[in-house]
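Worksheet: one structure, shown below.
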Amino acid sequence: MNDNVYVGNAGKDAALDRGWILGHFKEADDPRHSEDVEIKWGVHPPGDERAEWVRGEERTALLVLISGRFRVELPGRSVLLEQQGDYVVWGRGVDHSWCAEEESVVLTVRWPSVPGYAVTPAVAPAVVP
């Protein structure tokens, strides 16, 4: 038996880590740990959008539309993915953002896998009685 095997479901596993199913952020003994590449299974409701642009990108990325209608914003360019299999690739140094125009499922592959870029969820201020 090979202990270096993981079998899962992208939809279920993605819900556990903001959509990411492979990358540096997985435990070192997990077969899904990689410092070379990151993979995300993104399920987005209509109107879902990135909270802020990624600036100073240090990775190359590939985003493939599985279903839905998904817009990727790049400096001076907007790319609409609307047919299954449509994809866009951008290189290091390209800022970006995105918006789901319809309920969408997208597969993102980016490399190398480096810490950073997570948008911290806004925390509601405490109510003082």
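Over the chain, with every protein chain in place, what whole percent of the accessible area is carbon and sulfur at 1.4 Å, could you tell me?
That share works out to 53 percent.
For the chain, with a Gaussian network of springs between Cα atoms less than 10 Å apart, report the residue from Ala100, Ala51, Ala14 with the top mean-square fluctuation.
Ala51
Tell me, what is the per residue accessible area of the chain in Å², probe radius 1.4 Å?
Per residue, the chain has an accessible area of 63 Å².
Using a 1.4 Å probe on the protein heavy atoms only, what accessible surface does Trp41 show? Give it in Å² to the nearest 10.
70
With a cut-off of 17 Å, note down the residues of segment 61-81 whose backbone N falls inside the zone around a label point 7 Å from the Cα of Glu49 toward its beta carbon.
Backbone N within reach: 69-81.
Amide H neighbours of Asp86 under 5 Å, counting only residues 5+ apart in sequence or on other chains, H built in-plane at 1.01 Å?
Distant-sequence amide H within range of Asp86: Leu65.
Once phi is turned into ³J(HN,Hα) by the Karplus curve 6.51 cos²θ - 1.76 cosθ + 1.60 with θ = phi - 60°, what whole-Hz value does each residue of segment 91-104 show in order, with x for glycine and proline?
Taking θ as phi minus 60°, the curve returns x, 4, x, 9, 5, 7, 8, 7, 8, 8, 7, 9, 4, 9 Hz for segment 91-104.
Can you work out ³J(HN,Hα) from phi for every residue in segment 84-89, in order, using Karplus 6.51 cos²θ - 1.76 cosθ + 1.60 and θ = phi - 60°, giving whole Hz and x for Gly and Pro?
Those phi angles translate into 3, x, 4, 8, 9, 10 Hz.
Quick one: putting +1 on the C-beta of Lys and Arg, -1 on the C-beta of Asp and Glu, what dipole do you get for the chain around its Cα centre, in Debye to the nearest 20?
With only Lys, Arg, Asp and Glu charged at Cβ, the dipole is about 200 debye.
Given the Cα-Cα distance of Glu102 and Asp13 and 0.36 nm per residue of separation, how much length would full extension add, in nm?
29.8 nm
Using helices alone, what [θ] at 222 nm do you get for the chain, with -39,500 (n - 2.57) per DSSP H run of 4 or more residues, divided over all residues and rounded to the nearest 500?
Calculated from helices alone, the mean residue ellipticity at 222 nm is -500 deg cm²/dmol.
What's the center-to-center distance, using Cα atoms, between segment 40-55 and segment 58-73 in Å?
When both Cα centres are located, 10 Å separates them.
Could you work out which residue, out of Val109, Val94, Val43, moves most in a Gaussian network model of the chain, that is, has the largest mean-square fluctuation with Cα springs under 10 Å?
Sorting by GNM fluctuation, first place goes to Val94.
The values are calculated or read from the model by the stated rules, or taken from the named source; none is laboratory data. This is a predicted model, so every value here is computed, not measured. Cβ atoms come from the backbone with ideal geometry, glycine included; neighbour counts cover every protein chain shown. Side chains included, ligands, DNA and RNA excluded: accessible areas come from the protein's heavy atoms. Shrake-Rupley method; radii C 1.70, N 1.55, O 1.52, S 1.80 Å.
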